[in-house]
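Heads up: the structure comes next, in structure tokens.
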Amino acid sequence: MLGAEVWIVLGLSLGKSGVYAVVNIIARLTAETPLGEQSAQINTSQSPRPYLDLTYQVLSLFFALMPVALALFLLSQSGKGALSRIGLDGSRPWRDTGIGFGLAALIGIPGLALHAFGRAVGITVEVQPATLDSHWWAVPILILAALKNGLLEEIIAVAYLHDRLTRLGWSTWGIIAASSILRGSYHLYQGIGPFFGNVAMGIVFAWFYQSKWGRTRVMPLVIAHTLLDVVAFVGYALLPASWLAALGVG
């Protein structure tokens, strides 16, 4: 039953995204256009009518978090509150924030270099992280999208998976491998480079979570992931095109 539960949760969330991303990368690699000349858009406009677009954006964020609600509900079935169980609370705000900023720097700076390298050698597509129109609500929506990604990926790919696979008798490094490969899989739509970059990020995050420093607290990972995506999304929306081209992201 527990194994079936894991497959169901992943099938409704990141596992489904991973399967679609695998199909997507196969389509990209077999297309006539070289991989390095293709592009992928994230956080796109969903309607030419501004307030209808805003409505769609809010609904998309809300329903994207339903698998998180499901995972937390399932984790709470043992009797202990799920939020405190995985460290998604405000009991250590300064420590969690400090570690979050540190992890964001540790992952973000090499990640940007890896992305630029991938673009240079043609194994990473041109990623456009934010293509929303210039409305007053664009930046707040991008920040909320970054928070959504942080919650969805870290709670399911790290905290939930660690809890369930531990109960299923998996080894520590088996859990880390599963978590990191899952994280890499649903980024395959961006190319081969982002797959390996996110696997590396997954190894660091999954290892840190269960280590004596991480103390099975997911909050620092959520903060780090949110910061990384805020910089990527909002930075893309606000930086001049020449700066983005120099960074290999525009």
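The values are calculated or read from the model by the stated rules, or taken from the named source; none is laboratory data. All figures in this text were calculated on a predicted structure; none of them were measured in a lab. For neighbour counting, all protein chains shown are included, and Cβ atoms are generated from backbone atoms with ideal geometry for every residue, glycine included. Note: areas computed on protein heavy atoms with side chains; ligands, DNA, RNA excluded. Shrake-Rupley method; radii C 1.70, N 1.55, O 1.52, S 1.80 Å.
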* **Flag if residue 223 is within 15 Å of the chain's Cα centre (by Cα) and either closer than 21 Å to residue 106 by Cα or part of a loop (DSSP other than H, G, I, E, B) (or both)** => yes
Quick check: anything in region 181-198 touching a Lys or Arg at 6+ places or on another chain (Cβ under 9 Å), outside any helix (DSSP H, G or I), open to solvent by 30 Å² or more (accessible area, probe 1.4 Å) and not aliphatic (A, V, I, L, M)? no
Of the residues in region 115-141, those that are surrounded by fewer than 19 Cβ atoms within 10 Å (Cβ to Cβ) and outside any loop (DSSP other than H, G, I, E, B) number 9
Here the residues within region 167-177 that are free of Cβ contacts under 8 Å to residues at least 40 places away in the same chain, open to solvent by 30 Å² or more (accessible area, probe 1.4 Å) and either touching a Pro at 6+ places or on another chain (Cβ under 8 Å) or over 16 Å from residue 208 (Cβ atoms) (or both) are 169, 170, 171
The condition from (1) open to solvent by 40 Å² or more (accessible area, probe 1.4 Å); (2) farther than 22 Å from residue 227 by Cα that residue 74 misses is numbered (1)
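Looking at 105, 130, 138 in this structure, which one is over 28 Å from residue 27 (Cβ atoms) and touching a Leu at 6+ places or on another chain (Cβ under 6 Å)?
Details: 105 fails: touching a Leu at 6+ places or on another chain (Cβ under 6 Å); 130 fails: over 28 Å from residue 27 (Cβ atoms).
It is 138.
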Note: among 88, 152, just one is aliphatic (A, V, I, L, M), part of a loop (DSSP other than H, G, I, E, B), in contact with a helix residue (DSSP H, G or I) (Cβ under 7 Å, 6 or more places away or on another chain) and crowded, with 20+ Cβ neighbours inside 10 Å, namely 88
